[in-house]
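A.B. asks: Structure provided below as structure tokens; questions to follow.
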Amino acid sequence: MSVPTHATLLHIAERPHWEAARDAGEPYAMSTLGRTLDEEGFVHCSSDMAQVDGVLGRFYTGVPRSDLVVLVIDVSRLDAPVRYEPAGDEVFPHVYGPIPVSAVIDVRSLPGNR
């Protein structure tokens, strides 16, 4: 099965973790809600906002949207490999290493946030 690759990836981040990495100039190393890259082995990402919405609905229902942001990651600026792997009926991109702050080209509030 051929899987399309993307120039950018999306990652749901807890705002305090992203801001701490950004402010320190350190690579972002959270994988998913409450779990680090070291614990998971990769950083969970999405290919598009439809996948982001699905992940939010399945795993982030108890988290206030104002506590989350979506990082837009430029794949060409990553030092780590990206693998597209199945999860349920979908294929998700996983980054096998930390995200350099310089690879984050945009930080978006979730719909409904201000």
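The values are calculated or read from the model by the stated rules, or taken from the named source; none is laboratory data. What you see is a predicted model; the values in this text were computed from it and never measured. Virtual Cβ from ideal backbone geometry, glycine too; neighbours counted across all protein chains shown.
A.B. asks: Six or more apart or on different chains, Cβ atoms under 8 Å: show the pairs whose first residue is in region 84-111 and without any contact (Cβ under 8 Å) to a residue 60 or more places away in the chain and whose second is assigned to a loop (DSSP other than H, G, I, E, B) and surrounded by 17 or more Cβ atoms within 10 Å (Cβ to Cβ).
C.D. replies: So the pair list comes out as Phe92/Cys45; Phe92/Ser47; His94/Phe42; His94/Cys45; Tyr96/Phe42; Tyr96/Ala80; Ala103/Leu78.
A.B. asks: Tell me the residue from Pro93, Pro111, Pro86, Pro4 that is at pLDDT below 95 and in a strand (DSSP E or B), please.
C.D. replies: From the options Pro93, Pro111, Pro86, Pro4, the qualifying one is Pro86.
A.B. asks: What single numbered condition from (1) part of a helix (DSSP H, G or I); (2) of a type outside the set (A, V, I, L, M, F, W, C); (3) farther than 16 Å from Val107 by Cβ; (4) in contact with a strand residue (DSSP E or B) (Cβ under 6 Å, 6 or more places away or on another chain) fails to hold for Ser31?
C.D. replies: Looking at each condition in turn, Ser31 falls short on (1).
A.B. asks: Here's a follow-up. Limited to region 77-93, what total is found for residues that are exposed (fewer than 13 other Cβ atoms within 10 Å of the Cβ) and β-branched (Val, Ile, Thr)?
C.D. replies: Here the count works out to 0.
A.B. asks: What about Ala13, is it among the aliphatic types (A, V, I, L, M), modelled with pLDDT under 95 and outside any loop (DSSP other than H, G, I, E, B)? Steps first, answer last, please.
C.D. replies: On the way: among the aliphatic types (A, V, I, L, M): yes; modelled with pLDDT under 95: no; outside any loop (DSSP other than H, G, I, E, B): yes.
Criteria not met by Ala13.
A.B. asks: Quick one: which of Glu39, Glu26 is without any contact (Cβ under 8 Å) to a residue 12 or more places away in the chain and more than 11 Å from the chain's Cα centre (by Cα)?
C.D. replies: The match here is Glu39.
A.B. asks: Quick check on my filter: what residues within region 96-108 are buried (at least 17 other Cβ atoms within 10 Å of the Cβ) and part of a loop (DSSP other than H, G, I, E, B)?
C.D. replies: Pro98, Pro100
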